[in-house]
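The values are calculated or read from the model by the stated rules, or taken from the named source; none is laboratory data. Please read these numbers as outputs of a predicted model, since none were measured by experiment. As a convention, Cβ positions derive from the backbone with ideal geometry for all residues, glycine included, and neighbour counts pool all protein chains shown.
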Amino acid sequence: MNAEQLLSGFKPTPVDLMGVNDRIIRIKSRSIKTHAKNQGLSMVLSMIDLTTLEGADTPNKVRQLCYKAMHPQDQLKGVPSVAAVCVYPTLVKTAKDALKGSDVKVAAVSTYFPSGQSTLENKLLETQFAIDEGADEIDMVISRREFLQGNYEYVLYEILEVKSLCSANNVRLKVILETGEIGSLDEVRKASDIALLAHPDFIKTSTGKIGQAANMQVTLVMLQAIWDHYQKTGVQVGMKPAGGISDAKTALHYLVMVKEVLGQEWLSNKWFRFGASRLANDVLMQMAKQESGIYQAPQYFSKD
Amino acid sequence: MEEWNLSLAPENAAHVQLKKKYELFINGEFQKPFSNKYFETVNPATEQAIALVAEANEKDVDQAMKAAAEAYKPWSKLSGAERGKYIYRIARMIQEKSREFAVIESLDGGKPIRESRDIDIPLAAAHFFYYAGWADKLEYAFPMRKPQSLGVAAQIIPWNFPLLMAAWKIAPALACGNTVVLKPAETTPLTALKLAEVIQEAGLPQGVVNIITGAGKTGAEMCAHPIPNKLAFTGSTEVGKLVYKAALSGNKKVTLELGGKAADIIFDDAPIDATIEGIINGIYFNQGHVCCAGSRLFVQETVYEEILVKLKKRMNTLIVGDPMDKNTDIGAINSKEQLDVINRYLKIGRAEGAEIYQPNCKMPELGNWCPPTLFTNVAQSNRISQEEIFGPVLAIQTFRTIEEVIDKANNTPFGLSAGVWTDKGSKIFQLTKALKAGVIWANTFNKFDPTSPFGGYKESGFGREGGVHGLDAYLKFD
Amino acid sequence: MTRLKIHKTYKIFIGGKFPRTESGRYYPINNAKGEPVANMCQSSKKDFKNAVVAARKAQGGWVGMTAYNRSQILYRLAEMLETRSASFIEELNVLGLSKKAAEKEVNASIDRLVYYAGWCDKYTALFSSVNPTATSHFNFSVHEPTGIVAAIAPEKSSLLGLVSVIAPVIAGGNSVIALASETKATSSISFAEVVQNSDVPAGVISILTGSASELMPHMASHMDVNSLVDARGEMKAAELNITNNVKRYLNWANKVSNQDPYLILDCQEVKTTWHPVQTNAASGAGY
């Protein structure tokens, strides 16, 4: 079906901010201790898309990050590698080479990330380039310009085009809504519902390039959209909150949210990711603390 | 991959100071009862006795009333500002000892520590804090009416929110210049007795607050006693009627906060996910031991299936068990007796042909437990949709039009609270106008605030607690 | 040998910090015998401007707090003042008040803070209204803080007077910039230390010292000030540029010796909201 057909009969689902907050208070009151904490920390680490998206990125910087991705902290026992390394398309090849022999995936941001201000033709060219360079996953941005004008059909059309390119190449697609730019939670829900019509592999909160990145409210609303979509179609879609999550405790509460809203089936890096750069070290510090019983200091954990 | 489940997260109870035996708090001191009798207060989650508590008889009640009457003379002459400062002190000390209060509340009553810690105790402190401020401002609340204190207030409170109900009763009474004899419920006396210790430590003049313990008989003695000028009761409608009768024959002012069978109304334009959370909070909060619980759910037929699927899914995530575990959502049923009542209604519901759903949750062997329960295929004429069950049991009915649901919602002898869920403001106000209930929550449920009056219509009682209107209950006017 | 006492440097209080006046000027405070006891900052137009910036920055957060929270913070102020009452009594005594009068002033100041603490979550309940319009609408009016209030505190009473001006203004959710008593400013600045050690957010209360006649025109003309409280009654309002942004002029000269909720209302706006009530009966009837 094309975008027009998919959107016929589309009805926005209302969201209540206070209700969202009430739910989040309950989730944050969950206390994650002992075995659940160890298991959770390990899961969080394995779900991280270790990210570097700077104008200043160089091949060496990316190689260092890739080493960290495969060996987060060799001094600790049983530490998994992260899920993926997330870079600009021009650095995909470097990352791919550096990660050779590991399970760590290479994700490329695409479609004129972060603004998305370009033609679809250009966006597809860029995506094709990233795929040709060896990207396993594509993180695309939706066109906020068109979304904010109410041109939902075009927004969906773009996603469908990128999706079909990805599918053809067996590459997984994450759709970034950039929730900090599209307004209220009602709009977040609407953008989620539209993106989900294209059956992407993930929907993702943010580029991390503007002030307001992922938070629990936005993530909850997106998870609820994923659940409703799953109920309706049976198609499982993953979730990736990105930016702003830098401490292990918060990350564990995200996992509680996933578990309670979606279920155990989403609790793996196939269906849930954290887009983060600083989170990994806090998780490692907590893991070291769990193992030794001693509170840690940041200088004992490598920064790449 | 191994399934991820929460590990045990027990609250530390080592810091709590509990006595083995509690006497009556009369005239500023803990006194042995004339009755010489004590009863056990039991932890409903473990069935272990926690402490012995004195049983007040007629003579004890008399002594407490006399102490309150004696204390009233100087207390009522104290300036409002000074009175207020005592109440502020109590508020602050509850805040200081809040964790200890929370742990005792959960041990004695079975409610999850999350609720006693985050709701009961902070609200109790807030109530004292709020009414403290009224003590020197009564003239502004009742201009041209010369508000004056009543005298001695006899107050009887239930077991569902032990400390919070004590705060609801004591704080406004003191702010208005009255003295108090309060009786907590026999299954949950410990936080009230801890409050007595706080009151002692706060240096409140002797006899201004007296806290006596005992069961229904003690309560009856209090109501029949000639001294109190005011009876305040929160509890069942059945007992409330007896209290009312006693008040009428003793010519006493009275407020009653009684039972309820609240309608929680879901329209198809509601924000559904928030609504699910509201339904859960409306009925499973405090094991459903809530007089204003949203126990009758009315769902518009167009969203019935969706609501049911989501509600069940959310119910499956609720953790039932040890009240002292920080992750527990539904704790222990307050007493064996109450569990029997609930189980009787579960039986009645089945017999009436309703369909029952309970998630498959693990429950401890010892103790009183009831999983979150819902009934579908329910009619207005079923007993489970008419009578107050006072447990985690929801009866779901469907409706087609707004007129129909208003009719059904009001079709009850109770009128304490109601809930409305819709994204449309004008519909909310139509409902708040049409529903006969003292508190109406729109797109939320079970919210309480010291500034907001609470109380019912019809057989749910009369008089309001909280806010400006809550002062009226403890004042007389020229 | 006798020990040499350490003198306190009195600075002004802006945005939760104690800067010196940017002007670098000072003036002496004398005790009852006319001997100098301290040097105070002679605040300038620029200091006032800085205080307004801090006040505006703080006000949104202050009014955004729950009324209960504001109430507890005012009560906290009272608690902190109570624990320091001995030093305030001594300070007022140096300025010429008898020990007894000083004690009375300090106690009254504490009680006044408690009094207004109580009002934070009560005045709206008493003074708001639900308006029975002839059409089918839910119509209600509530109070909202005006925003930034500049206040000239009483000259004679440097603690109680100052508290009496500040408390009702902030109880209603405003930020305040108060000019302290000129000749007795020491205890006013000591009160600023109490403020800083309470939980009052930085910028909600600023306290300046100096000359009213010098600062008045700037307080009156500043475009980002919403109301002007004059507790000395000395301001010649008509001669000042108060009208430029139509800020409210409030003469409290005879009001601040008492405490009442109407002072809170003086610094409030009234906002009315209309919302339709769905009804089956024909609406709009009755005209």
Residues in the stretch B:216-226: is at least one farther than 30 Å from B:Glu337 by Cβ and either away from chain C (no Cβ under 14 Å) or buried (at least 20 other Cβ atoms within 10 Å of the Cβ) (or both)? yes
Selection from the stretch A:1-15 of residues that are in contact (Cβ under 8 Å) with a residue 40 or more places away in the chain and either in a loop (DSSP other than H, G, I, E, B) or under 22 Å from the mean Cα position of the chain (by Cα) (or both): A:Asn2, A:Phe10, A:Pro12, A:Thr13, A:Pro14, A:Val15
Under the condition of being of a type in the set (S, T, N, Q) and closer than 28 Å to C:Leu228 by Cβ, which residue from the stretch C:120-161 is nearest to the other protein chains (Cβ to nearest Cβ)? C:Thr124
Residue check: is C:Phe48 within 14 Å of chain B (Cβ to nearest Cβ), modelled with pLDDT of 95 or more and touching a His at 6+ places or on another chain (Cβ under 8 Å)? no
Within the stretch C:24-50, can you find the residues that are more than 20 Å from C:Ala151 (Cβ to Cβ), part of a loop (DSSP other than H, G, I, E, B) and either of a type in the set (Val, Ile, Thr) or touching a helix residue (DSSP H, G or I) at 6+ places or on another chain (Cβ under 7 Å) (or both)? C:Asn31
Filter the stretch B:3-58 for residues that are within 14 Å of chain A (Cβ to nearest Cβ) and within 23 Å of B:Asn334 (Cα to Cα); which is surrounded by the fewest Cβ atoms within 10 Å (Cβ to Cβ)? B:Asn12
Mind listing just one residue for me: the one in the stretch C:238-268 that is among the charged types (D, E, K, R) and part of a loop (DSSP other than H, G, I, E, B) and, of those, nearest to C:Phe127 (Cα to Cα)? C:Asp260
Inside the stretch A:208-237, can you point out the residues that are part of a loop (DSSP other than H, G, I, E, B) and either surrounded by fewer than 24 Cβ atoms within 10 Å (Cβ to Cβ) or of a type in the set (Gly, Ala, Ser) (or both)? A:Gly208, A:Lys209, A:Ile210, A:Gly211, A:Gln212, A:Ala213, A:Ala214, A:Asn215, A:Gly234, A:Val235, A:Gln236
Screening B:Lys169, B:Lys111, B:Lys146 for residues that are part of a loop (DSSP other than H, G, I, E, B), away from chain C (no Cβ under 14 Å) and either polar (S, T, N, Q) or surrounded by 22 or more Cβ atoms within 10 Å (Cβ to Cβ) (or both) leaves only B:Lys111
Among the helices (runs of 4 or more DSSP H) contained in the stretch C:119-197, which hold 2 or more residues that are free of Cβ contacts under 8 Å to residues at least 40 places away in the same chain and surrounded by fewer than 24 Cβ atoms within 10 Å (Cβ to Cβ)? none
Take the residues in the stretch C:51-77 that are in a helix (DSSP H, G or I) and of a type in the set (Val, Ile, Thr); name whichever of them is nearest to the other protein chains (Cβ to nearest Cβ). C:Ile73
Specify which of the listed residues (A:Asn151, A:Asn169) is farther than 22 Å from A:Val87 by Cβ and among the polar types (S, T, N, Q). A:Asn151
Take C:Gly16 and tell me if it is away from chain B (no Cβ under 14 Å), without any contact (Cβ under 8 Å) to a residue 12 or more places away in the chain and at positive phi. no
Restricting attention to the stretch A:260-281, does a residue exist that is out of contact with any strand residue (DSSP E or B) (no Cβ under 8 Å at 6 or more places or on another chain), modelled with pLDDT under 95 and of a type outside the set (A, V, I, L, M, F, W, C)? yes
Picking from B:Ala293, B:Ala270, B:Ala247, the residue that is outside the structural domain of B:Glu404 (by TED's automatic domain parsing) and of a type in the set (Gly, Ala, Ser) would be B:Ala247
Restrict the check to the stretch A:58-70 and report whether at least one residue is buried (at least 23 other Cβ atoms within 10 Å of the Cβ) and not in a helix (DSSP H, G or I). no
Can you find, within the stretch C:266-283, the residue that is modelled with the highest pLDDT among those that are over 17 Å from C:Val130 (Cβ atoms), within 14 Å of chain B (Cβ to nearest Cβ) and loosely packed, with under 12 Cβ neighbours inside 10 Å? C:Asn280
Which of the following residues is within 14 Å of chain B (Cβ to nearest Cβ) and hydrophobic (A, V, I, L, M, F, W, C): A:Ala191, A:Ala225? A:Ala225
I'd like to check something: does the stretch A:100-111 contain any residue that is assigned to a helix (DSSP H, G or I) and closer than 30 Å to A:Leu148 by Cα? no
Step by step: first the residues of the stretch A:42-87, then only those that are among the polar types (S, T, N, Q) and within 14 Å of another protein chain (Cβ to nearest Cβ), then the one that is nearest to A:Val104 (Cα to Cα). Which residue is that? A:Ser46
Test: residue in the stretch B:385-397 that is over 29 Å from B:Phe233 (Cβ atoms) and assigned by TED's automatic domain parsing to the domain that holds B:Glu337: yes
Looking only at the stretch C:91-103, filter to residues that are part of a helix (DSSP H, G or I) and free of Cβ contacts under 8 Å to residues at least 12 places away in the same chain; which one of those is farthest from the other protein chains (Cβ to nearest Cβ)? C:Asn93
Can A:Met1 be described as away from chain B (no Cβ under 14 Å) and either among the acidic types (Asp, Glu) or within 30 Å of A:Leu160 (Cα to Cα) (or both)? yes
The listed residue being more than 14 Å from chain B (Cβ to nearest Cβ) and among the basic types (Lys, Arg), out of A:Lys93, A:Lys28: A:Lys93
Heads up, the strands (runs of 3 or more DSSP E) in the stretch B:345-439 (entirely inside) with at least 2 residues that are more than 14 Å from chain C (Cβ to nearest Cβ) and under 30 Å from B:Glu465 (Cα atoms) are B:393-399, B:417-421
Within the set of pairs 6 or more residues apart or between chains, which connect a residue that is more than 14 Å from B:Ala64 (Cα to Cα) and at pLDDT below 95 inside the stretch B:145-159 to a residue that is of a type in the set (Ser, Thr, Tyr) and not in a strand (DSSP E or B) with Cβ atoms less than 6 Å apart? none
